[in-house]
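The values are calculated or read from the model by the stated rules, or taken from the named source; none is laboratory data. Since this is a predicted model, take the numbers as computed values, not measurements. Positions of Cβ are generated from backbone atoms using ideal geometry, with glycine treated the same way; all protein chains shown enter the neighbour counts. Only protein heavy atoms, including side chains, enter the accessible area calculation; ligands, DNA and RNA are left aside. Shrake-Rupley method; radii C 1.70, N 1.55, O 1.52, S 1.80 Å.
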Amino acid sequence: VGNTTILSLIVFIWIMGWSKNFIRTSSDVEINIVFDNVSGLEFDDEVTIRGLRKGFVKDIVLDRNIIIVKISVDQSADLRKDAEFWLATVDLMGDKKIEIIPGIAKEKLNLDELHSGKFLPDFSTMMATIGSVKDELMAMLDDVKIALTAVNSYLTDEEMKTDLKSSLKNLNVLT
């Protein structure tokens, strides 16, 4: 019983260390990505390639006015020169991850370069954007309402209908 308990504890610690990235493999490569905004991304957040977990966020550095995210990715990942790096939301709670689209170019990704990352807006970002344009949308709707009222009153005017019918009859007589 004692040996089984100890073995189970070792396996449990090893699995927890692996799942939390405490156990790191030497076959990982480091990639540096520049983002304008990391919007809640944290150390050890996951890095996926087409949805498959292949790495983790190693470090986040503010260098002057840019944010450099250093990620560690499994060396077996076949990343190409045109690879894309997206900061995405994992769930409704706002957890973040970096999603990599590996690319199709013939040349491999240069690991020494600083790569540009893109931000996929999440629900809270979209709501903030909608809130900022709300007043403009309301003013536009008021203008549309005024225009529709004017067109409606013009089209329902009996004198205008009579004049239009008369003009069409005169045009028909001329042709």
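What the table below lists for this structure:
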| quantity | calculated |
| --- | --- |
| Which listed residue, of L87, L92, L41, is closer than 27 Å to F123 by Cβ and open to solvent by 70 Å² or more (accessible area, probe 1.4 Å) | L92 |
| Answer from T129, T125 - the residue that is at pLDDT below 90 and either surrounded by 12 or more Cβ atoms within 10 Å (Cβ to Cβ) or in a loop (DSSP other than H, G, I, E, B) (or both) | T125 |
| Near pairs, Cβ below 7 angstrom, 6+ apart or cross-chain, from the stretch 148-172 (modelled with pLDDT under 90) to any residue that is open to solvent by less than 80 Å² (accessible area, probe 1.4 Å) | Y154/M160 |
| Whichever residue in the stretch 74-99 is in contact with a Phe, Trp or Tyr (Cβ under 8 Å, 6 or more places away or on another chain) and assigned to a strand (DSSP E or B) and, among such residues, is farthest from G117 (Cα to Cα) | T89 |
| Pairs with Cβ under 9 Å, 6+ apart, first in the stretch 9-32 and in a helix (DSSP H, G or I) and open to solvent by less than 50 Å² (accessible area, probe 1.4 Å), second of a type in the set (K, R) and at pLDDT below 80 | none |
| Filter result (among the aromatic types (F, W, Y) and not in a helix (DSSP H, G or I)) within the stretch 150-175 | none |
| Unmet criterion (only one of (1) surrounded by fewer than 19 Cβ atoms within 10 Å (Cβ to Cβ); (2) in contact with a Phe, Trp or Tyr (Cβ under 9 Å, 6 or more places away or on another chain)) for I71 | (1) |
| Residue count for the stretch 135-167, restricted to those that are over 47 Å from the mean Cα position of the chain (by Cα) and surrounded by 10 or more Cβ atoms within 10 Å (Cβ to Cβ) | 9 |
